[in-house]
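Read the structure below first, then the notes.
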Amino acid sequence: MSIEYLREKIDNGVHFNLIKTNKFKTNLINFYIVRPLSKDEATKNALLPLILKRGTSKYNTSLEIQRRLEELYGANLSINVNKKGEKQIIRFAIETVNSDFIKEENLLRKILDMLNEIIFNPYTENEVFSQNYFKQEKENLKKRIEGRINDKKTYAVERCIEEMCKNEKFSIYKYGNIEDLEDISCKGLYEHYRSILRSSPMEISIVGNINKDEAINSIQDTFRLHREDIINLPREEVIKAIRTKNMITEEMDVNQGKLTLGLRTNIPYEDKLYEPLIVASNILGGGANSKLFLNVREKESLAYYIYSKSYKYKSIMIIASGIETENFNKALDIIKDQIQELKDGEFTDDDIEQSKNSLITTIRSMTDNNYSMSEFYLSQALTKDTSHISDMIEKINKVSKDEIIEAANKLSLDTIYFLRKKNN
């Protein structure tokens with residue numbers, strides 16, 4: 001099984017990415033609209049996918065859309081919004097059977113026509129979005145934002161990041177906030193959407209066994225893009241001196257406390273210490289053999305779960321754990337001890353080898369999933385990184401113990417967030 005990656009500019013601010021592979025019996029087409037993450041438009045951008053999947057000018061309802069997808073050999077449509085660093089991305093995706101396995105001419109063009117219909121020809125009434133769809137999806141987004149607290153594990157991590165990056169764009173929730181939702185009008189949202197179609201960087205990716213020239217010709221014939229000046233996507237600021245540590249405590253009706261630590265790594269993804277940082281994070285809290293798992297959970301029985309995770313775009317690291325409220329101080333002290341041991345080089349060659357193997361296994365597993373591969377190459381495009389999956393593995397393999405220690409010593413504790421059980 002081979003993977004061939006090709007990238008080509010096909011219009012002003014529009015790039016085509018072909019991840020050519022014969023591993024899958026389906027082709028995945030992703031159309032990404034990339035926006036700067038900002039309070040002014042985060043909630044609007046989160047509302048758009050909910051409305052756009054409701055209907056188009058040709059297929060007025062979601063039921064009609066689904067019927068058309070069934071005619072296209074059961075093609076699967078998804079539209080969502082996510083954030084990568086301080087960028088917000090609206091993703092349109094259609095996955096369909098590879099035409100090699102069926103007798104159907106021009107299936108790719110038919111799929112692209114459907115994608116074009118959804119993105120560029122939304123269902124409108126009086127030259128704006130349907131008021132009925134708008135009201136319904138506005139309420140659905142409100143419930144989704146309110147529902148954040150239902151997943152306490154994720155909520156605690158997000159709240160730690162919000163407090164840690166309070167005056168930075170990275171603190172903005174990917175679905176925006178309820179206060180801004182109230183101020184959005186149907187007409188204003190429609191005008192905003194027409195504007196971002198004209199001015200946003202776009203990435204079109206296909207994962208599958210597709211001919212490059214056929215794909216580019218089909219895309220250019222299908223999408224009649226009306227482009228204007230393309231907005232700039234600023235690089236995240238990642239170097240930050242820490243003057244005072246934040247300590248945030250919130251109370252909620254939870255069965256177990258959620259202790260989350262936010263650390264600044266001060267290592268940009270372009271830095272030679274980026275791969276050593278990834279290995280350091282894995283040694284610290286990457287799995288059952290990690291320092292945090294062995295010492296906080298297994299040895300002291302203080303945590304139900306504990307892990308560390310580095311965030312590529314923003315150069316921060318999060319340590320998340322579930323503990324009993326009364327164990328807060330002891331757990332925090334041991335976590336700090338493990339960070340210091342990492343900085344002091346108190347880990348073995350076996351620890352390094354196990355962490356490298358774990359990371360390489362995870363990297364290789366991306367090739368088993370067409371969505372993961374598309375997201376990987378989107379990440380590479382956003383960071384202007386031309387390296388491939390095999391290059392990442394090579395860089396991980398070359399990491400030395402001295403580099404891991406050097407990367408670890410750049411870690412600075414910024415924020416301690418504790419979601420604790422309410423006192424009765």
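Any read-out appearing in this document is the output of simple, stated calculations on the displayed coordinates, not a laboratory observation. Here the structure is a predicted model, which is why all the values come from computation and not from measurement. Here the Cβ is made from the backbone with ideal geometry for all residues, glycine too, and neighbour counts use every protein chain on show.
Points worth noting:
- When each of LYS39/LYS138; LYS291/LYS356; LYS152/LYS422; LYS138/LYS169; LYS314/LYS343 is checked by Cα-Cα distance, pairs over 19 Å: LYS138/LYS169; LYS314/LYS343
- Normalised convex hull volume, region 3-222, alpha-carbon set, Å³ per residue: 143 Å³
- The angle between the Cα long axis of helix 62-71 and the main principal axis of the chain comes to about 80°, on a 0 to 90 degree scale.
- Taking a ≥ b ≥ c as the square roots of the eigenvalues of the alpha-carbon gyration tensor, region 229-301 is classed oblate because a/c is 1.5 or more while a/b is no larger than b/c.
- Ascending count of other beta-carbon atoms within 10 Å, so fewest first, for ILE319, ILE94, ILE405: ILE405, ILE94, ILE319
- Whole-number D in µm² s⁻¹ for the chain, Kirkwood Cα-pair radius fed into Stokes-Einstein, 25 °C, 0.890 mPa s: 105 µm²/s
- Remark: region 60-112 projects, on average over all directions, an area of 4.8 nm² (convex hull of Cα atoms).
- Placing a label point 7 Å from the Cα of ASP151 along the Cα-to-Cβ direction, the residues of region 319-339 whose backbone N falls under 16 Å from that point are 320-321.
- Peptide packing for 196-203, 310-317, 259-266, 385-392 was compared via the average number of neighbouring C-beta atoms within 10 Å per residue; ordered from the highest value, the list is 259-266, 310-317, 196-203, 385-392.
- Taking the number of Cβ atoms within 10 Å of each Cβ as an exposure proxy, the fewest-first ranking of GLU375, GLU228 is GLU228, GLU375.
- Debye log10 I(q)/I(0) for region 246-421, one point scatterer per Cα, at q = 0.12, 0.18 Å⁻¹: -0.58, -1.16
- ASN132 paired with LYS23, simple spin-label distance in nm, labels 7 Å along Cα-to-beta-carbon: 4.4 nm
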